Amino acid sequence: VGGRLATVTVNKQQYESRGASIHVLSLHMQDFVKILGLKHRREVAGKSAIFSGEHFVLEETDWYLLNLFRLWWHYGISFLRLQMWVEEVMEKFMRIYKYQAHGYAFSSLEELLHSLGGDAFVNMTQRSVAESLLEVGVSQRFVDDVIAAVLRSSYGQSVLVPAFAGAMSLAGAQGSTWAVEGGNKLVCSGLLKLTKANIIPARVTGISLHSSEGRALYQVHYEGSEGQGSAFYDMVVVTTPLHPSRSNFTFENFEPPIADFPGAFQPSVTSVVHGYLNSSYFGFPDPKLFPFASILTTDTPDLFFNAMDNICPVNISAAFRRKQPQEAAVWRVLSQQPLDKQQLKTLFRSYYSVQVTEWQAYPRYDAAKSLPPIVLHENLFYLSGVEWVASSMEMIAVAAKNVALLAYNRWHQDLEKIDQKDLMHKVKTEL
């Protein structure tokens, strides 16, 4: 850019702790990962099922045609209508890569969404995914069984999440996911190494506004192992959430003041259990006959967990195989509250160890109806607001590139590259 840039961030442990895969909407993310010299982690086959608390409402088999027949038998053509809806949303969303390849940027999340899908995309942040799917002919039963199970597994929330976030979650559930060999955390460390950024290992305590030769200058205050310090920057990108209970630093000398944004985060608990699954709880008295590696759940009040799956190591050798159902294996259980001993005994006959991680993982989408801004001040930008549109690694990557392009275009006063209308036509003309 030509000036000094600071990024105020936090260690987003959920990228590592979730064990989540990177959702690939296009070849963009695959190329992005390969640039870092990372490898695609080998997938290990495993069947899934949806549990209601009493029985399985849907079970996956080894035969593709049989799976399609079961979907049709239970839900008619709802799964086809769902796929068409998701594909339409994703096709429009992928326009962002063409726009960014040509240097275009957006100063607000509303402008970004409008450029991709018009008013319909903006409205998808205000209406529920259930409402949108019912409108295109998806049955209520399919929403209650399948859509609810996917959203409980991904966001830990109900079918009342906004339609855009729901579409992103459902797209990831249809496959085409990536996981990095060695753990997804290598994406973050690889980026830091690639950019050769000057990292100051300290906690930022505040940002104060100053001016120099008529231009805004930002003083970033921090506290590290060597004590307190500060530095001046021409630009600052804030990537930690600016919401109550999450923001741990202050803004000074800004007029109007920069305050926390409304909204809350959804608690999520991951319990990694090494033990013997209690298959009887799921209707299989003989553990040798239990066929599933992943269990999703419907939105049933008595269910105390959202999903569970038999997880694999971050490095998978060619000789690796899943444990047999009667053997002790490592299971990841997702829930909204820590599991007590009775709940663990319900899911497992016995276990060797339990490791619990609890954090505020995702926005609670029913807690706020407005989207946070991207531009907080002249050259002060906010990245994490995109999570209130949809929360995923790819959305953060898109938002990061948008902020980089926006900062560059504003610094060089290239206003023709910001918030332009009819971008599809402009891009085709430039080609």
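Some observations on this one:
- Filter pass, Val389 being more than 20 Å from Arg410 (Cα to Cα), crowded, with 23+ Cβ neighbours inside 10 Å, modelled with pLDDT of 90 or more and not acidic (Asp, Glu): yes
- Flag for Pro291 being farther than 16 Å from His377 by Cα, open to solvent by 30 Å² or more (accessible area, probe 1.4 Å) and within 26 Å of the chain's Cα centre (by Cα): no
- Residue, most open to solvent (accessible area, probe 1.4 Å), within the range 340-383, restricted to residues that are farther than 30 Å from Phe261 by Cβ and touching a Leu at 6+ places or on another chain (Cβ under 8 Å): Arg349
- Considering residues of the range 152-168 that are not hydroxyl-bearing (Ser, Thr, Tyr) and not in a helix (DSSP H, G or I) only, the residue surrounded by the fewest Cβ atoms within 10 Å (Cβ to Cβ): Leu160
- Filter result for the condition that a residue is touching a residue at least 40 places away in the same chain (Cβ under 8 Å) and closer than 24 Å to Val161 by Cα, over Thr250, Thr300: Thr300
- Filter pass, Ala149 being hydrophobic (A, V, I, L, M, F, W, C) and open to solvent by 30 Å² or more (accessible area, probe 1.4 Å): no
- Of the residues Gln140, Gln126, the single one that is polar (S, T, N, Q) and modelled with pLDDT under 95 is Gln126.
- The range 176-196, subset in a loop (DSSP other than H, G, I, E, B) and farther than 25 Å from Arg364 by Cα, residue most open to solvent (accessible area, probe 1.4 Å): Lys196
- In the set (1) open to solvent by 20 Å² or more (accessible area, probe 1.4 Å); (2) closer than 30 Å to Met124 by Cβ; (3) in a helix (DSSP H, G or I), the condition left unmet by Ala171 is number (1).
- Screening the range 63-111 for helices (runs of 4 or more DSSP H) wholly inside it with 2 or more residues that are closer than 30 Å to Leu406 by Cβ and in contact with a helix residue (DSSP H, G or I) (Cβ under 6 Å, 6 or more places away or on another chain) returns the ranges 78-93, 95-101.
- Scope the range 330-357; condition out of contact with any Asp or Glu (no Cβ under 8 Å at 6 or more places or on another chain) and of a type in the set (Phe, Trp, Tyr); matching residues: Phe348, Tyr351, Tyr352
The values are calculated or read from the model by the stated rules, or taken from the named source; none is laboratory data. Predicted, not measured: the structure shown is a model, and the values here were computed from it. All Cβ positions, even for glycine, are placed from backbone atoms using ideal geometry, and neighbour counts span all protein chains on display. Each accessible area value is taken on the protein alone, full model and side chains, heavy atoms only, with ligands, DNA and RNA left out. Shrake-Rupley method; radii C 1.70, N 1.55, O 1.52, S 1.80 Å.
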